[in-house]
Amino acid sequence: MFFMNGEHKHEIKSDLKGGFGDLDFKYIVPTDMMYGAGNFYAEVTFKPGQSIGLHDHVDNFEIYYVLKGEATVVDGNEERVLKPGESEICANGEFHSIANKSNEDTVILAIILNKAK
C-alpha cells in the first residue's frame, strides 16, 4: 500500500499531556493500519512555544526523531536539545516530554509501539 503526498490524515491535538498549543499530527501510517503493533506513527509539527507535557509510557515505548528545528526533550531526569538527525527513546515504564523553545518550527517523527508480550 502506498500513501502519496496529500493523502495523509492530519489531526490537530491541543495541550497534550499538560503541554501547550495545537500540534499538527500528520499520520505516516493510518492508526488502524498499525495492526496492534502500536498507537501511531506520525510527523508532528511544533510551532514556537508548543509542547507535549511530561508523561509516562505503560506497556509501550515511544521514539522521537527530529527532522527540522530544535526539540528540547526531557528523558527521565535528563534534558537535552535535539537537532535534525537526533533521536530519543522513551522506554516502557519511563517518562518524557518535548518542547519547541526556539523561534522556528520544529518537526519530528514520533512512533509509539507496543511492548512485546
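No lab work stands behind these numbers, since they all come straight from the coordinates. All values derive from a computational prediction rather than experimental measurement. Cβ sites come from the backbone with ideal geometry, for glycine too, and all protein chains shown count toward neighbours.
Within the chain, the longest run free of chymotrypsin sites (Phe, Trp or Tyr not before Pro) that sit in a DSSP loop with at most 10 other Cβ atoms within 10 Å is 36-117. Using the Stokes-Einstein relation with a Kirkwood hydrodynamic radius computed over Cα pairs, the translational diffusion coefficient of the range 32-88 at 4 °C and a viscosity of 1.567 mPa s comes to 99 µm²/s. Springs join every pair of Cα atoms under 10 Å in this Gaussian network model of the chain, and among Ala91, Ala71, Ala37 the largest mean-square fluctuation is at Ala37. Here the range 1-64 yields Rg over Rh of 0.99, to two decimals, using C-alpha coordinates and the Kirkwood radius. Annotation: amide H-H contacts under 5 Å for Phe3 (H modelled 1.01 Å from N, sequence separation of 5 or more, or interchain): none.
Under a Gaussian network description of the chain, with springs only between Cα atoms under 10 Å, the residue in Glu78, Glu88, Glu43 that fluctuates furthest is Glu78. Of the Cα atoms belonging to the chain, the radius of gyration and Dmax stand at 13.7, 42 Å.
Counted residue by residue at 0.36 nm each, then reduced by the alpha carbon distance between them, the extension gain from Leu54 to Ala37 reaches 3.8 nm. In plain terms, the chain from Lys26 to Leu67 could stretch by 13.4 nm, reckoned as 0.36 nm per residue minus the Cα-Cα distance. For the options Asn39, Asn60, Asn103, a Gaussian network treatment of the chain with springs between C-alpha atoms closer than 10 Å singles out Asn103 as fluctuating the most. Each of Leu109 and Glu11 was given a label point 7 Å from its Cα along the Cα-to-Cβ line. The distance between the two points is 2.0 nm. Listed by chain and number, the lysines placed with their C-alpha closer than 18 angstrom to that of Lys17 are Lys47, Lys101; residues fewer than eight positions away on the same chain are left out.
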